[in-house]
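What follows is a set of notes on a single structure, which appears directly below.
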Amino acid sequence: MNDSTSFPERTPKAVHIPVLLREVLQHLDLQPGLTVVDGTVGAGGHSSQILKRIGPTGRLIGLDRDPYMLGWAAKKLEAPNCQLVHASYAQMRSVLDDLGIERVDRILLDIGLSSDQLAADDRGFSYQASGPLDLRFDTTQGEPAWKWLQKTGLAELQEILDNYGEEPFARKIAERIVQQQPVKPIRTAQDLSEVVQSALPASISEHARRDPVIRVFQALRIAVNQELLQLETVLTGVLANCLAPGGIVVIISFHSLEDRQVKQAFREPAVWHNLTSKPVSATPQEQRANPRSRSAKLRSARKL
């Protein structure tokens with residue numbers, strides 16, 4: 001963990017549009033003076049509106065695994081009652097302990113990838129990127145995806161593509177990736193895209209061929225960042241341990257596996273009062289304006 005207001009910057013302006021902003025603010029039920037954690041602060045889109053509603057007597061703690069995202073957030077969230085910390089939301093309890101905070105009133109988690117991360121060519125998040133295949137949210141920890149791929153066997157890779165990408169051609173793609181490594185190691189996002197494309201049947205239309213590529217990148221990103229483990233950690237004790245009784249948590253997920261984990265966690269009657277019997281989706285208008293919102297699912301619960 002690193003608590004600082006000095007973070008690296010990427011571009012003069014972030015391009016990410018916060019998803020389900022109106023719905024997030026509605027479900028958080030914000031009031032002046034509340035203490036709020038945005039566990040995935042990103043470029044500060046949601047948090048900038050949260051700050052307005054909790055006012056100068058409130059307090060916002062913004063966490064993110066990606067130090068570059070914190071660089072953008074620092075420019076947008078310049079307020080004495082806002083503190084940004086380089087940490088995963090799974091480390092929330094430790095962060096609050098370091099800040100001398102026992103419990104908070106609201107928690108927001110927007111799980112997934114931002115448009116700013118996709119736009120960073122040297123991160124490899126986009127299948128259209130020409131830079132190295134990194135895929136890490138936090139480039140100060142772990143190893144890039146291209147290194148991870150070199151030591152991942154066929155069975156494990158197929159399981160990851162199947163489970164995390166829900167990819168129908170998981171076996172064929174995994175075989176081609178493993179076969180390719182001794183010939184020409186995969187080092188860039190473009191390398192991976194080409195290998196995946198080469199594994200697909202010729203009968204797949206040109207338009208449809210990009211979908212398996214997108215799913216493969218998603219699956220590898222989830223694996224490299226241990227995203228489902230991070231989510232499981234925060235759901236199985238961290239949230240309940242950080243929220244005050246009556247406090248509210250709002251979680252936005254973009255993958256069926258993530259949404260399933262959140263749904264199951266909020267069904268624990270001894271801990272949570274589930275505020276969303278069904279997940280909240282983006283309106284047709286938002287989906288047209290921001291296609292990334294199409295797969296977003298919001299769930300919220302109140303701590304008993």
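Scanning for something touching a residue at least 40 places away in the same chain (Cβ under 8 Å), farther than 23 Å from Arg302 by Cα and among the polar types (S, T, N, Q), does segment 27-44 turn up at least one residue?
There is no residue in segment 27-44 that is touching a residue at least 40 places away in the same chain (Cβ under 8 Å), farther than 23 Å from Arg302 by Cα and among the polar types (S, T, N, Q).
From the list Ala79, Ala90, exactly one residue is under 30 Å from Gln31 (Cα atoms), part of a loop (DSSP other than H, G, I, E, B) and among the hydrophobic types (A, V, I, L, M, F, W, C). Which is it?
Ala79
Six or more apart or on different chains, Cβ atoms under 6 Å: show the pairs whose first residue is in segment 77-103 and of a type in the set (Ser, Thr, Tyr) and whose second is modelled with pLDDT of 95 or more and assigned to a helix (DSSP H, G or I).
As it stands, the answer is Ser88/Gln230; Tyr89/Val234, since those pairs meet every condition given.
Take Ala87 and decide whether it is modelled with pLDDT of 95 or more, surrounded by 17 or more Cβ atoms within 10 Å (Cβ to Cβ) and within 15 Å of the chain's Cα centre (by Cα).
Against the criterion (modelled with pLDDT of 95 or more, surrounded by 17 or more Cβ atoms within 10 Å (Cβ to Cβ) and within 15 Å of the chain's Cα centre (by Cα)), Ala87 qualifies.
Table: residues versus (1) modelled with pLDDT of 95 or more; (2) in the same structural domain as Leu149 (by TED's automatic domain parsing); (3) out of contact with any strand residue (DSSP E or B) (no Cβ under 7 Å at 6 or more places or on another chain).
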position	(1), (2), (3)
Ser205	no, yes, yes
Leu220	yes, yes, yes
Leu243	yes, no, no
Lys263	yes, no, no
Pro269	yes, no, yes
Thr276	yes, no, no
Ser293	no, no, yes
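Exactly one condition in (1) surrounded by fewer than 18 Cβ atoms within 10 Å (Cβ to Cβ); (2) farther than 30 Å from Phe266 by Cα is false for Glu159; which is it?
Here Glu159 clears every test but (2).
With more than 20 Å from Ser253 (Cβ to Cβ), part of a loop (DSSP other than H, G, I, E, B) and either in contact (Cβ under 8 Å) with a residue 60 or more places away in the chain or in contact with a helix residue (DSSP H, G or I) (Cβ under 8 Å, 6 or more places away or on another chain) (or both) as the only criterion, which of Ile177, Ile186 stands out?
Ile186
Among the residues of segment 225-241, what is the count of those that are touching a strand residue (DSSP E or B) at 6+ places or on another chain (Cβ under 8 Å) and either more than 17 Å from Leu63 (Cα to Cα) or aromatic (Phe, Trp, Tyr) (or both)?
1
Looking only at segment 154-174, which residues are farther than 22 Å from Gln128 by Cα and more than 23 Å from the chain's Cα centre (by Cα)?
Leu154, Ala155, Arg171
Within the bounds of segment 186-202, is there any residue that is farther than 26 Å from Gly131 by Cβ, modelled with pLDDT under 95 and over 18 Å from the mean Cα position of the chain (by Cα)?
yes
Output the residue which, of all residues in segment 29-52 that are part of a loop (DSSP other than H, G, I, E, B) and among the aliphatic types (A, V, I, L, M), is farthest from Arg103 (Cα to Cα).
Let us first name the residues in segment 29-52 that are part of a loop (DSSP other than H, G, I, E, B), namely 29-34, 39-44.
Then drop every residue that is not among the aliphatic types (A, V, I, L, M), which leaves 30, 34, 41, 43.
On the way: Leu30: 16, Leu34: 11, Val41: 19, Ala43: 25 Å.
Among those residues, the one meeting the criterion is Ala43.
Okay, residues lined up against (1) in contact with a Leu (Cβ under 7 Å, 6 or more places away or on another chain); (2) outside the structural domain of Glu175 (by TED's automatic domain parsing); (3) not acidic (Asp, Glu):
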position: Gly131; (1), (2), (3): no, yes, yes
position: Asp134; (1), (2), (3): no, yes, no
position: Pro144; (1), (2), (3): yes, no, yes
position: Leu149; (1), (2), (3): no, no, yes
position: Glu156; (1), (2), (3): no, no, no
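Please go through segment 124-168 and pick out each residue that is in a loop (DSSP other than H, G, I, E, B) and within 17 Å of Gln180 (Cα to Cα).
Those that are in a loop (DSSP other than H, G, I, E, B) and within 17 Å of Gln180 (Cα to Cα): Leu133, Lys151, Thr152, Gly153.
Could we say that Leu99 is crowded, with 22+ Cβ neighbours inside 10 Å and of a type outside the set (D, E, K, R) here? Spell out the reasoning first.
Details: crowded, with 22+ Cβ neighbours inside 10 Å: no; of a type outside the set (D, E, K, R): yes.
No; evaluated as a whole, the condition is false for this residue.
The values are calculated or read from the model by the stated rules, or taken from the named source; none is laboratory data. The model shown is predicted, which means the values in this text are computed figures rather than measured ones. Here the Cβ is made from the backbone with ideal geometry for all residues, glycine too, and neighbour counts use every protein chain on show.
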